[in-house]
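Working notes for the structure below.
The values are calculated or read from the model by the stated rules, or taken from the named source; none is laboratory data. Just so it is clear, the structure is predicted and the values come from calculations on it, not from any experiment. Counting neighbours? That spans all protein chains shown, and the Cβs are built from the backbone with ideal geometry, glycine included. Calculation scope for accessible area: heavy atoms of the full protein, side chains included, ligands and nucleic acids excluded. Shrake-Rupley method; radii C 1.70, N 1.55, O 1.52, S 1.80 Å.
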Amino acid sequence: MYRKLNEEMLSFIRTNPTAFHTVASIRERLLENGYEELLESRVWEIRPGKRYFVCRNGSSILAFQVGTHLERYSFNIVASHTDSPTFKIKENAELHTGSRYTRLNTEGYGGMICSTWLDRPLSIAGRVLVREDDGVISSRLLTIDRDLLLIPSVAIHMNRRVNEGVPFNKQVDLLPLFAGTVEDGALMKLIAQELGVEATTILGSDLYLYIRETPSIWGLNGEFVSSGRLDDQQCVFASLKALLEAHNDHSINVMACFDNEEVGSGTKQGADSTFLSSVLKRINAALGKDEGDYLRALSSSFMLSADNAHAVHPNHPEHTDANNCVYMNEGVVVKSHAGQKYTSDGMSIAIVRELAQRAGVPLQYFANRSDKAGGSTLGNIALAHVSLNCADIGLPQLAMHSCYETAGSKDTLFAVNLMKELYNSHLEETASGSVRLECL
């Protein structure tokens with residue numbers, strides 16, 4: 001059971017090297033399952049019992065199922081992010097070293113572990129904006145599906161201190177080698193050839209490096225999975241599986257997958273945008289409800305902010321808290337932080353515990369060491385625009401922000417089952433500080 005699910009997840013990750021590919025893949029799965037696409041630029045007609053989705057920028061997507069008995073409805077939301085740390089190719093990309101080498105000019109996207117990108121087969125993926133014959137500028141997905149680039153290390157003979165902790169300069173040390181010749185415009189010609197268009201019709205692009213290593217299931221008992229972009233496509237995949245398998249007549253189930261979490265979420269398609277709030281308001285209005293109905297629904301709504309967590313490192317357990325630490329294959333992680341980098345509080349943790357008990361899902365609890373600054377995620381950022389109860393959860397993993405990360409093979413199913421339990425439940429605020437949780 002675990003292996004089949006993880007093979008499906010790893011296939012999902014392998015074929016979706018960028019946020020644009022991830023959203024396109026989700027869009028295709030939703031259409032296959034009877035979801036109707038809505039455009040933000042059009043009037044929405046929403047009917048009870050139907051399923052819909054809307055994309056923004058091609059890199060974020062919100063999908064939702066509308067119940068049939070909405071007298072006291074609320075929103076059940078699972079949020080995750082589609083992006084991962086990588087390198088973005090600059091507009092003027094080709095750099096020549098004499099007449100021998102062509103490198104690509106890149107800049108870091110997010111907080112990657114730079115050393116993990118060295119000496120690995122890489123390629124290019126993203127979106128390309130093309131002028132069509134009818135005057136439309138269309139977005140085309142690009143995946144160059146072959147080993148194309150590599151960022152070479154400096155030999156130890158030329159840098160004897162390389163094993164003593166050497167800083168990397170992204171403009172010097174981390175530019176990928178593209179060709180052993182110099183040919184102006186070679187990258188644009190390659191892109192045009194891959195897309196089957198004339199180079200003169202290409203008006204813009206968002207292109208990134210991605211690693212070519214095949215994801216794997218490994219360990220003595222197949223207990224580990226490794227891949228690029230586990231953070232956060234493992235949670236994206238789990239939320240999609242849960243949404244498609246759930247049914248709820250008394251609530252509106254929402255899957256929210258945001259872009260740009262790794263660079264702060266402050267974009268039109270990030271969690272710190274109007275995307276979630278405007279979609280929820282438009283759902284409410286299209287169902288013939290007023291602002292009071294919307295505010296009432298929010299008071300009983302709940303969100304799982306799903307982003308992976310740090311497992312105890314086998315060689316460095318000292319980096320994690322003494323007893324608020326987590327291990328792979330031991331369950332979904334609930335993350336807390338006194339300074340509210342994570343949004344979990346007593347009420348939201350209680351709701352997650354109840355959901356987990358009903359679903360038979362083990363839970364673990366994570367907090368950073370008090371002398372270490374941890375990362376943040378999209379929960380509190382999104383709640384600045386939509387006020388509701390929320391818990392930050394994730395799956396334990398090693399080497400977060402490496403280009404090849406590791407997680408537990410059992411935990412994907414735990415996440416799917418917990419998210420599905422939320423989608424199969426109805427929550428309602430019954431008094432100040434009290435919530436009724438019904439399993440439907």
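Rounded to whole Å and ordered largest first, report the semi-axes of the equivalent ellipsoid of segment 1-139 derived from its Cα gyration tensor (root of 5λ). Don't skip to the end; give the middle numbers.
Values: eigenvalues 277, 93, 36 Å².
Working from the Cα gyration tensor, I get semi-axes of 37, 22, 13 Å.
Determine ³J(HN,Hα), in whole Hz, for all residues of segment 205-215 in sequence, where each value follows from phi through the Karplus function 6.51 cos²θ - 1.76 cosθ + 1.60 and θ = phi - 60°; x replaces Gly and Pro.
The phi angles translate into 6, 10, 10, 9, 7, 9, 7, 9, 4, 6, x Hz.
For segment 122-281, with equal point scatterers placed on the C-alpha atoms only and solvent neglected, what are the log10 I(q)/I(0) values from the Debye formula at q = 0.20 1/Å, to two decimals?
The Cα Debye sum returns log10 ratios of -1.36.
Once you order the gyration tensor axes a ≥ b ≥ c over the Cα atoms, which shape class does segment 361-440 get: rounded for a/c under 1.5, otherwise prolate or oblate by comparing a/b with b/c?
Since a/c reaches 1.5 but b/c is at least a/b, the shape of segment 361-440 is classed as oblate.
Report, in cubic angstrom per residue, the convex hull volume of the C-alpha atoms of the chain. Let's see the in-between values first.
Details: hull volume 67.2 nm³, N = 440.
Given the Cα convex hull of the chain, per-residue volume reads 153 Å³.
For the pair Val263/Glu245, report the inter-label distance in nm, with labels modelled 7 Å from Cα in the Cβ direction.
3.5 nm
FRET efficiency for Asn324 and Tyr101, Cβ-Cβ distance as r, R0 = 56 Å, nearest 0.05?
Numbers: r = 49 Å, r/R0 = 0.88.
Once rounded, the FRET efficiency stands at 0.70.
Once R0 is set to 51 Å, what does the formula 1/(1 + (r/R0)^6) return for the Cβ-Cβ distance between Glu438 and Ser138, expressed as a FRET efficiency to the nearest 0.05?
0.65
At 1.4 Å probe radius, can you tell me the per residue accessible area of the chain in Å²? Present the calculation step by step, with values, prior to reporting the outcome.
Numbers: 19240 Å² over 440 residues.
It amounts to 44 Å² per residue over the chain.
Quick one: pull the percentage of alpha-carbon pairs in segment 189-337 with a separation above 27 Å.
Of the Cα pairs, 49 percent sit more than 27 Å apart.
Greater than 18 Å separation of Cα atoms is the criterion. Which listed pairs, Lys241/Lys341; Lys90/Lys189; Lys335/Lys372; Lys4/Lys410, meet it?
Lys241/Lys341
For Cα pairs less than 8 Å apart in space and 6+ apart in sequence, what is the mean separation divided by the residue count of the chain, i.e. the relative contact order in percent? Intermediate values should be presented prior to the final figure.
On the way: 952 pairs, mean separation 97.0, N = 440.
Result for the chain is 22 percent.
Mean residue ellipticity at 222 nm from the helices of the chain, using -39,500 (n - 2.57) per DSSP H segment of n ≥ 4 over the full residue count, to the nearest 500 deg cm²/dmol? Intermediate values should be presented prior to the final figure.
On the way: 9 runs with 106 residues, N = 440.
So the calculated ellipticity at 222 nm is -7500 deg cm²/dmol.
Provide the FRET efficiency to the nearest 0.05 for the Ser153-Glu8 pair, computing r from the beta carbons and using R0 = 41 Å.
For Ser153 and Glu8, the calculated efficiency is 0.75.
Where the accessible area of the chain is counted over protein heavy atoms with a 1.4 Å probe, how much of it, in %, is carbon and sulfur?
With neighbouring chains kept in place, the figure for the chain is 49 percent.
Compute, for the chain, the length of the dipole vector about the Cα centre, with Cβ point charges of +1 (Lys, Arg) and -1 (Asp, Glu) only. Units Debye, rounded to 20.
Here the size comes out at about 220 debye.
Between segment 54-131 and segment 367-422, how many Å separate their Cα centres?
The distance from the Cα centre of segment 54-131 to that of segment 367-422 comes to 19 Å.
When the Kirkwood hydrodynamic radius is evaluated over all pairs of different C-alpha atoms of segment 52-99, what value in angstrom, to one decimal, is obtained? Write out the running numbers ahead of the final one.
Values: mean 1/r = 0.0640 Å⁻¹.
Evaluated on segment 52-99, it is 15.6 Å.
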